[in-house]
1. So, of the residues in the range B:316-352 that are charged (D, E, K, R) and under 24 Å from B:I236 (Cα atoms), which turns out to be least open to solvent (accessible area, probe 1.4 Å)?
2. Do we have C:L226 as more than 14 Å from chain B (Cβ to nearest Cβ) and either at positive phi or in contact with a helix residue (DSSP H, G or I) (Cβ under 9 Å, 6 or more places away or on another chain) (or both) here?
3. Take B:Y14 and tell me if it is aromatic (F, W, Y) and surrounded by fewer than 20 Cβ atoms within 10 Å (Cβ to Cβ).
4. A:V170 - would you say it is within 19 Å of the chain's Cα centre (by Cα), surrounded by fewer than 24 Cβ atoms within 10 Å (Cβ to Cβ) and at pLDDT 80 or above?
5. Looking only at the range B:43-54, count every residue that is within 16 Å of B:G80 (Cα to Cα), open to solvent by 10 Å² or more (accessible area, probe 1.4 Å) and β-branched (V, I, T) and tell me the total.
6. Restricting to the range A:225-249, what's the tally of residues that are assigned to a helix (DSSP H, G or I) and over 17 Å from A:L86 (Cβ atoms)?
7. Whether any residue in the range C:75-98 is under 26 Å from the mean Cα position of the chain (by Cα), surrounded by 20 or more Cβ atoms within 10 Å (Cβ to Cβ) and away from chain A (no Cβ under 11 Å) is what I want to check.
8. So in the range C:99-116, with the set limited to residues that are of a type outside the set (A, V, I, L, M) and open to solvent by 40 Å² or more (accessible area, probe 1.4 Å), which one is farthest from the other protein chains (Cβ to nearest Cβ)?
Amino acid sequence: MAEVAAAAAPPAAEPAKRRWPTGLILPSAVLWPLGVAPLVLLAIVSLAENVPGGSYVPGFEATHYLRLLEPRYAGVLFYSLWLSALVAVIAVTIGFPFTYFVTRQPRRVQVLWLVGLMTVLSLSEVLVAFAWQVLLSRNIGLSKILVVVGLLESPISLQPGFGAVLVALVYLVLPYTFLLFYPSLSRFDRSLTEAAGTMGAGPGQQFLTVVLPVMRIPIFGSLLLVFVYVLGAYVTPSQLGSPEHWTVSVYITDQVFTVYNLPFASAMAMALMVVSVALVLLSAKIGESKR
Amino acid sequence: MAIDLRIEDVEKLYPGGVRALDKVSLTVPEGALVCFLGPSGCGKTTLLRIVAGLEQASGGRVLHGTRDISQLPTHERGFGMVFQSLALFPHLSVGGNIAYALRLAGVDRGRRDEKVAQLLDLIQLPGIADRPVAKLSGGQRQRVAIARALAQEPRLLLLDEPMSALDAKLRESLQVELRLLQKRLKITTILVTHDQREAMTMADLIVVMNKGAIEQIDTPSRIYAEPASLFVADFIGQTNLIKAEARDGAVIVEGAAIPGVALPANAGRDVTVSIRPESLRLHAATAAPANAIRLNVAFVRNVGSQVEVHLNGGDLHLVGSCSPREWPGFSEGDAVAAELPPAACRVFAGHG
Amino acid sequence: MNAVLSHLRPWGARAFLALVAVYLALPILVVSAVSFNEKRRLVFPPENPTFLWYGYFLNDTAWMNAFGNSLVIAVSSAFVACALALPIAYAVWATNSRYARLLSLVSGIQFMMPPVIIAIGYLLFWALLGHVGKIENTILAHGVLFSPMPLVTISVGLSAIDRSLLDAAATMGARPSEVFRTVVLPLVLPYIVAGYCFAMVLSLNEFIVAYMVAGFSVETLPVKMLNSLRGGFTPAMAVGSVFFLLTSLVVFGLVGLFGDLPRLLGAESRKD
């Protein structure tokens, strides 16, 4: 570790600025070809002519983009956006008060929460989808409990279905919303709520009349980022949903591995990229306007 | 020949046209402690950082002896520096901090340890070499920072408000201690501070700076007794600034003529008289001399070591002070007369 | 709503936190529990709990191969991520150079969009170069994809360094390279390690990029899990999940134990 760091260290420099590019050679050599070139290639291929069987001929045609406008794919895109928005709203509605309460805990307790949340956050989407599949299946988990409680007569499978997709997606992004709110909420000036307290506001009123309004900008920014995160979910909708619950990410993968239409997959990816980057930039803009 | 530090016409311009230093020239004599004193933003720290090589001057040069060091990078200057934040390395022990320069210079371990022990003795903190710096008290950290700056036996010691983080009592005793150490080692030193008491305590010469320029360079006692400008008079110590008129070689204050006051060459009709509180002479109104100003006592503050009296009369507000033993015992509301001894008055052109 | 929340006393907050904790823990607990099943069919609660499938997992070449691939990719890609992030973060901090900020944006872009886009980009890229299905493709892809993690942690660490420490080192004769080696690096090392850990765990769990870049020849654990998931549940998959869980828990637990996790995630420094 230390050796790498030393190797990557900036060389001695009198005026540090002049000699800097040497220290940035390695990152430049990796990031330009691997961070940018694939995305440029994606744009090029999205305009290429499809050769059935997973190949393409470079060209300049808009067919794949026009195809995106067909009701079938436009519908998928619309459904993906709607699902992402729904998940984002639910996750933020739970995640915001959740984060607020965690930041009010003593620092040691917070560390425990953070370890748990980072662990859940890092879990592979495959694992999360698998876990919910198990939990929602007929023989195991929830439906059995519901039978015992008397809410169900006999165990049923709760997946695949829209509810299963929704529950698992919220699960996937909840730790993420926590991570987005944690910095601003943990730095939240407590004297504001205390001042509200001296003026007669109870804890709930403090939350509604002080914390929420002060935090409205981070909340909106987080909604957008969670939205983008959900747009990228692939395994969850494909494993926990029926085809009518598939999102655009599933269709993109389907085009690559089942239909072998790379240019069309690229065009879909480009559309997804434009939407995502626009929303991320919008959220960054909102975050800046706060200052 | 003595190795003085000479600063010649040093300028510092920041992008946007801000002039932090405006053609500053001064000499730091070898072995002396020179203090840059001024309010925040006067350019004193910038000038020190230019001497240290941490900032580049926009113009002018810095000479060490006869050598122009303006272009020399910091690490080749060999000047020891104590920073406002002290800048002790948190990842190194006390010994590691002090030996840092020696380790870079390739001094072997045995000699390093010897030097560290010697310096710890010098700052009267023997045997703490292995302690982490986070475990030190404020005063100890201060001393370690000084020992660290001395380790490379610097030709010049630079102190950037080194005691601003300490409480008043500790600061005062460390000022004396540091001054004695500096005299003993005969090390040329520049001290930057905004605390005039610190400057008066420690300096051989004080450089009073304001808005990027030097107002006065003088010994502490002369800076106090004979301020060269209205700014210096106001900034150093406490003073009464009285708007007055110059007429026929005398100064007229509130209708009272004070003859025999030295007028500056450029004085017009409007002048400002500066007089220290302790120079005001107070009399009962009934026994007022001819050239006294009539005032009323507004407030008396007895802080034990001295008595301070606030006086009001028309638009005039004056502060006088004396030792408790000399206090005539006026009380609030009394009518008094304040006499301005001509020798204690400094007169400056204009109404400030 | 207002009236309801007014009655939210600390126990209300606690109950809410407990509910979220159950929601977050339930799937994990169930998966961990079914890993102790005896039969191939998954039952909950497991009948005759046994470590049988752990033995199966550890002796199955396909699973162990996937596990090894994942480990190699995670360890080396986190290394790549740090090697990319450290010079960029340092340049931004030390000189605020525009080019360095541009590079950090290029790194950050990877995190801004759905990974499926990046994945297809790589698929096309390596196909064009005729260098398909190699493990180094996945390593580089993950290195770039997760470089924002160490970039963030190292930047946090650098921002905590009092710049007068650098000036102090210079006045004591340290050249810029020595300042970096003797002051900056020791102070920022914990943050490099934390960034390495984050990048490693994320790489271990990443699916779609690993799948598209080299999924057919270099099967990672998530890829192998999804492939077998399509053929139905087996307790071996639950065992694989438990391995993941433990790795993440241990890594973040260690960071939490030895590092200042709250500060790394954006809280203010501990006051003591």
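The values are calculated or read from the model by the stated rules, or taken from the named source; none is laboratory data. The shown structure was predicted, so the numbers you read here are calculated from the model rather than taken from an experiment. Quick reminder, even Gly has a Cβ in these numbers, built from the backbone with ideal geometry, and neighbours come from all protein chains shown. The accessibility values were calculated without ligands, DNA or RNA, using every heavy atom of the protein model including side chains. Shrake-Rupley method; radii C 1.70, N 1.55, O 1.52, S 1.80 Å.
1. Here the answer is B:E339.
2. Against the criterion (more than 14 Å from chain B (Cβ to nearest Cβ) and either at positive phi or in contact with a helix residue (DSSP H, G or I) (Cβ under 9 Å, 6 or more places away or on another chain) (or both)), C:L226 qualifies.
3. yes
4. Yes.
5. 1
6. 4
7. Looking for residues that are under 26 Å from the mean Cα position of the chain (by Cα), surrounded by 20 or more Cβ atoms within 10 Å (Cβ to Cβ) and away from chain A (no Cβ under 11 Å), one finds at least one in the range C:75-98, hence yes.
8. C:R101
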